[in-house]
């Protein structure tokens, strides 16, 4: 019996990592990285980042042991207004010539209730790194095979940050005492992962 148990233990230890872990790349064609911020305290300005890449290292036995990493090209900021986008790329905001990317790297994934996940991680913008929490309301979807035979899964995540925490401090006071740009930024991510070794960044 002892020899039998030892044999089973050895067999379990020799199971390849691929049997319990999988790699999922962010598909930039079917993913959006959006943000919105108050303008003049009367409306919201919305924008996207059009170039990014990312990877989910999935622990198929325990999702809380998985890891997510995302890199975003700051120069790809797009609010559909060239003058505003040029200002966002300048030293007033993202200073893209000096800080060409922002990154997010998860440090903890927690199950919250039946379907929700909370992903804590380090967000780095302009050299400032702060812990943020992504709220994944419906968790990670089950795997599904697309028409080309690739396996896919998706998720929707949101978080709020204060832009001043990341060195994005430019503002201007209006005559009524209000500010031109709000401090709180809402980030909304709609991500689709594809189970393949590597995939490029989004459209230029």
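Given q = 0.22, 0.26 Å⁻¹, what are the Debye log10 I(q)/I(0) values for segment 36-119, with equal point scatterers placed on the Cα positions and solvent ignored? Taking Cα atoms of segment 36-119 as identical point scatterers yields -1.00, -1.18.
In terms of overall dimensions, the C-alpha atoms belonging to segment 78-121 reach 45, 23, 12 Å along their principal axes, ordered largest to smallest.
The label-point distance for residue 169 and residue 30, in a model that sets each label 7 Å from Cα toward Cβ, rounds to 4.3 nm.
Less than 16 Å from a label point 7 Å out along the Cα-to-Cβ axis of residue 196: which backbone N atoms in segment 36-80 qualify, by residue? Within reach of a label on residue 196, which here means backbone N under 16 Å from a point 7 Å along Cα→Cβ, segment 36-80 contributes 53-56. The gain in end-to-end length when the residue 148 to residue 115 segment is fully stretched comes to 9.1 nm, 0.36 nm per residue minus the alpha carbon separation. Over segment 19-194, what portion of Cα pair distances is larger than 28 Å, expressed as a whole percent? Here the tail beyond 28 Å accounts for 28 percent of pairs.
Read-outs throughout are calculated quantities, based only on the coordinates presented, and are distinct from any laboratory measurement. This is a predicted model, so every value here is computed, not measured. Quick reminder, even Gly has a Cβ in these numbers, built from the backbone with ideal geometry, and neighbours come from all protein chains shown.
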